[in-house]
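J.: Take this structure first; my questions come after.
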Amino acid sequence: MGKNVKFKLLLLFALLMIFQSCSESGKIPENEKSDHNFYSLADFDKVEKFDTHVHISVDDTTFIKQAEKDKFRLLTVNVYSGPTSNIEEKQNVALKLIKQYPDRLAYLTAFSLEGWGTPDWESKTLAYLKNSFDSGAIGVKIWKNLGMELRDNDGKFVMVDDPRIDPIIDFIEKSDVTLLGHLGEPRNAWLPVDQMTVAGDKNYFSEHPQYHMYLHPEYPSYEDQINARDRMLEKHPKLRFVAAHLASLEWNVDELAKRLDKFPNIALDMAERICHLQFQSVKDWQKVHDFFIKYQDRLIYSTDNGVNAKSDFLEANNRFHEVRISDWKFFVTNEKMNVSHFDESFNGLKLPKEVIDKIYRENARKWFPGIERSGN
């Protein structure tokens, strides 16, 4: 028998022994099953995904077309940010775009705070919301002006747990739509700029000093904002609530876990706060990873990206595409990464496919019923 034949027989015998060992144990070697349990960076534009927090306030489809290339369905969010906000116009833009992309776009409405404290504010607000729901809105956005801007006739800040807001929240709950709440700000807002943890906050609060609470000690504290939101949730235990921007508790997954344990009716969107999770993973990767595993049914991918009439659509879409790729890399790989928000390196979380599918798709369907109009 030739040497080559003997070698081939020995190799075949060795492979048979390995196969038998695997069969008897009932286990597949880790290196064999990894490709089946995890996505890769190359899967980014192959997996259907949702971004549940974008802002499209201009009648232009460029943003939607880029999202379609990246395999994203979108939830565009109307916001009442002050007297110059034309929420009716924003709603009309959303409805027009939805007609063109019914299987790619849904929207949340908002309500005006103009006329707050007048006898007919409540009835007008409820009528506007009913019209929005009848038009197809699948939820409502409330913003940080509740707690940080609006004052009553006595000059006192109106917080989200104010009894005068209850009828509005009751109506949202009874209408079986979702309330998306951006209440308060990142904890960094109460720190000097040079003590903030991520560059995004340093830039934002430098450019928007009216929301840099370190400069306004007379305003409600960080704790006041969080406590008011929690009291509102205690009063409305059946409300389907998505806490935007990681519930303004972005700095600590332990604090997020406490709220998720206490309030089973809430989920968290990650819009513009993923960098805070990355920052925490520098020092305690395992804690952040385990947080995603434990609360995989309550976490929703979102970006806060958007376009308006002043946008450079090509530049914006290129930037948004890069953000989505970077986020995907953080969630699906364990590669070493760097981002512009801070100097330290960190590793991706390499979450299993089941978890990725939830945070990118299934949780959007669960927490925003009606978001997928095509039924696909």
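Derivation of every value follows stated rules applied to the coordinates shown; laboratory data play no part. Remember, it's a predicted structure, so these values are computed and weren't measured experimentally. As a convention, Cβ positions derive from the backbone with ideal geometry for all residues, glycine included, and neighbour counts pool all protein chains shown.
J.: Please list 3J(HN,Hα) in residue order for the range 343-360, calculated via the Karplus relation 6.51 cos²θ - 1.76 cosθ + 1.60 where θ = phi - 60°; whole Hz, with x for glycine and proline.
T.: 3J(HN,Hα) across the range 343-360, in whole Hz: 7, 6, 8, 8, 9, x, 7, 6, 7, x, 3, 4, 6, 4, 4, 6, 6, 9.
J.: I'd like the FRET efficiency for residue 96 and residue 323, computed as 1/(1 + (r/R0)^6) with the beta carbon distance as r and R0 of 22 Å, rounded to 0.05.
T.: The value I calculate is 0.25.
J.: What share of all Cα pairs of the range 40-155, in percent, falls into each consecutive 5 Å distance bin?
T.: 2, 11, 19, 20, 16, 11, 9, 6, 3, 2, 1, 0
J.: Right, next: Please list, in order along the range 293-309, the HN-Hα scalar couplings obtained from phi with the Karplus expression 6.51 cos²θ - 1.76 cosθ + 1.60 (θ = phi - 60°), rounded to whole Hz, x for Gly and Pro.
T.: 5, 5, 10, 4, 8, 10, 10, 10, 6, 6, 10, 6, 5, x, 9, 9, 5
J.: Something else now. What list of whole percents do you get for P(r) of the chain, with Cα-Cα distances grouped in 10 Å bins up to the one holding the largest distance?
T.: P(r) over the chain, rounded to whole percents: 5, 22, 31, 24, 9, 4, 3, 2, 1, 0, 0.
J.: Which listed residue (197, 87, 131) has the Cα farthest towards the positive end of the charge dipole for the range 40-367, taking +1 on Lys and Arg C-beta and -1 on Asp and Glu C-beta about the Cα centre?
T.: Farthest along the dipole direction, towards plus: 131.
J.: Report the extension gain between residue 297 and residue 37 in nm, rounded to one decimal, defined as 0.36 nm multiplied by the number of residues separating them, less their alpha carbon distance.
T.: Stretched out fully, the residue 297 to residue 37 stretch lengthens by 91.8 nm.
J.: Take the alpha-carbon positions of the range 225-366, form their convex hull, and give its projected area averaged over all directions (one quarter of the hull surface) in nm².
T.: Reported value for the Cα convex hull: 9.6 nm².
J.: So for the range 155-278, considering every pair of alpha-carbon atoms, how many percent are separated by more than 20 Å?
T.: Percent of Cα pairs beyond 20 Å in the range 155-278: 45.
J.: When the chain is modelled as a GNM with alpha-carbon springs shorter than 10 Å, which of 154, 290, 343 fluctuates the most?
T.: Of the options given, 154 has the highest mean-square fluctuation.
J.: In deg cm²/dmol, rounded to 500, what helix-only [θ] at 222 nm does the chain give when every DSSP H run of at least 4 residues adds -39500 (n - 2.57) and the total is split over its residues?
T.: -13000 deg cm²/dmol
J.: Give the calculated FRET efficiency between residue 214 and residue 282 to the nearest 0.05, with a Förster radius of 22 Å applied to their Cβ-Cβ distance.
T.: With R0 = 22 Å, the Cβ-Cβ based efficiency is 0.35.
J.: Here is a further query. Residue by residue through the range 77-93, which ³J(HN,Hα) values in whole Hz follow from phi under the Karplus form 6.51 cos²θ - 1.76 cosθ + 1.60 (θ = phi - 60°), with glycine and proline marked x?
T.: After applying 6.51 cos²θ - 1.76 cosθ + 1.60, I find 10, 7, 9, 8, 9, x, x, 7, 6, 9, 5, 5, 5, 4, 5, 5, 4 Hz.
J.: For each pair in 69/174; 156/283; 235/350; 71/350; 144/258; 96/358, compute the distance between the two Cα atoms and list the pairs where it is over 32 Å.
T.: Check vs 32 Å cut-off fails for 69/174; 156/283; 235/350.
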